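Worksheet for the structure shown next.
The values are calculated or read from the model by the stated rules, or taken from the named source; none is laboratory data. Model, not experiment: these values are computed from the prediction. All Cβ positions, even for glycine, are placed from backbone atoms using ideal geometry, and neighbour counts span all protein chains on display.
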Amino acid sequence: MKKIVLATHNLGKVVELERLLNGADLDVQVMGLRDFPDLPDVDETGSSFVENALIKARAVRDVTQLPALADDSGLCIDALNGNPGIFSARWAGVHGDDKANVQKVLRELSELTNPTMTAHFRCAVALVFPTGHRRSDEEIVHEGEMLGHIVTTPRGENGFGYDPIFQPLGIDKTTAELQADIKDRISHRGKAFQAMVPELREFI
């Protein structure tokens, strides 16, 4: 079985990718950064989702010498000038503290007068290959977007991150209330990963 490393400590993202690959009938073993405990942290120094996805993918590829897939995604809220954006995972100061990040967003919105609640999720996914691989000179990037708005009362237990306060356009539930297969189909990350499937099929 071919192996690919998803450059994240977030188990939820690993599970999402595994669901997508299984649905596409791709026989690939997905490994996360938890499988490489000695791997140093990667500084996300890019100024865009695409730059950060490539930075992470390259760093993990270089250490593991395996094909690496990385995503960078975030919530962009119109009333907050597009923030938290690329800082979504660490908006409250600690990387991956979902509850604190959500609370900070809601607090900042509550301090505004009649803010527009429109927002969107954006995701960039990058795939790179190690030295010696027949596609080692390629860097592949796909992006996805999900439009919606912010709700002021968190709802739902599924998903992670800002899912409990984001309601996709045309749907009466937050992404944290959606079943996994529905979220995978409409989400920013799902769209970006789906666009990557033909590349992964070629990789196999």
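Does His142 satisfy the condition of being modelled with pLDDT of 95 or more and either surrounded by 14 or more Cβ atoms within 10 Å (Cβ to Cβ) or more than 18 Å from the chain's Cα centre (by Cα) (or both)? Answer is yes for this residue.
Does Ala70 meet the test of being among the hydrophobic types (A, V, I, L, M, F, W, C), touching a residue at least 60 places away in the same chain (Cβ under 8 Å) and touching a strand residue (DSSP E or B) at 6+ places or on another chain (Cβ under 6 Å)? Against the criterion (among the hydrophobic types (A, V, I, L, M, F, W, C), touching a residue at least 60 places away in the same chain (Cβ under 8 Å) and touching a strand residue (DSSP E or B) at 6+ places or on another chain (Cβ under 6 Å)), Ala70 qualifies.
Within the stretch 59-105, being over 18 Å from the mean Cα position of the chain (by Cα), at pLDDT 95 or above and on the phi > 0 side of the Ramachandran plot holds for one residue alone: Asn81.
May I ask you to say which residue of Thr131, Thr118 is surrounded by fewer than 23 Cβ atoms within 10 Å (Cβ to Cβ) and over 24 Å from Asp184 (Cα atoms)?
Numbers: Thr118 fails: over 24 Å from Asp184 (Cα atoms).
Criteria check complete, one pass: Thr131.
In the set Leu200, Leu112, Leu127, Leu178, only one residue is of a type outside the set (Ser, Thr, Tyr), assigned to a loop (DSSP other than H, G, I, E, B) and within 26 Å of Ala7 (Cα to Cα); that residue is Leu178.
What tally of residues in the stretch 157-204 results from selecting those that are surrounded by fewer than 22 Cβ atoms within 10 Å (Cβ to Cβ), touching a His at 6+ places or on another chain (Cβ under 8 Å) and of a type in the set (Gly, Ala, Ser)? Residues flagged as surrounded by fewer than 22 Cβ atoms within 10 Å (Cβ to Cβ), touching a His at 6+ places or on another chain (Cβ under 8 Å) and of a type in the set (Gly, Ala, Ser) within the stretch 157-204 amount to 1. Being aliphatic (A, V, I, L, M) and surrounded by fewer than 21 Cβ atoms within 10 Å (Cβ to Cβ) is a condition met by at least one residue of the stretch 145-153.
Per-residue answers, yes or no, for (1) under 20 Å from the mean Cα position of the chain (by Cα); (2) part of a strand (DSSP E or B); (3) at pLDDT 95 or above; (4) among the β-branched types (Val, Ile, Thr):
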position: Ala119; (1), (2), (3), (4): yes, yes, yes, no
position: His133; (1), (2), (3), (4): no, no, no, no
position: Ser136; (1), (2), (3), (4): no, no, no, no
position: Leu147; (1), (2), (3), (4): yes, yes, yes, no
position: Thr153; (1), (2), (3), (4): no, no, yes, yes
position: Gly161; (1), (2), (3), (4): yes, no, no, no
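Ala119 meets all of the listed conditions (1) under 25 Å from Glu199 (Cβ atoms); (2) touching a residue at least 40 places away in the same chain (Cβ under 8 Å) but one, namely (1).
When the residues of the stretch 29-53 are filtered to those that are over 10 Å from Ala7 (Cα atoms) and under 14 Å from the mean Cα position of the chain (by Cα), the one that is surrounded by the most Cβ atoms within 10 Å (Cβ to Cβ) is Phe49.
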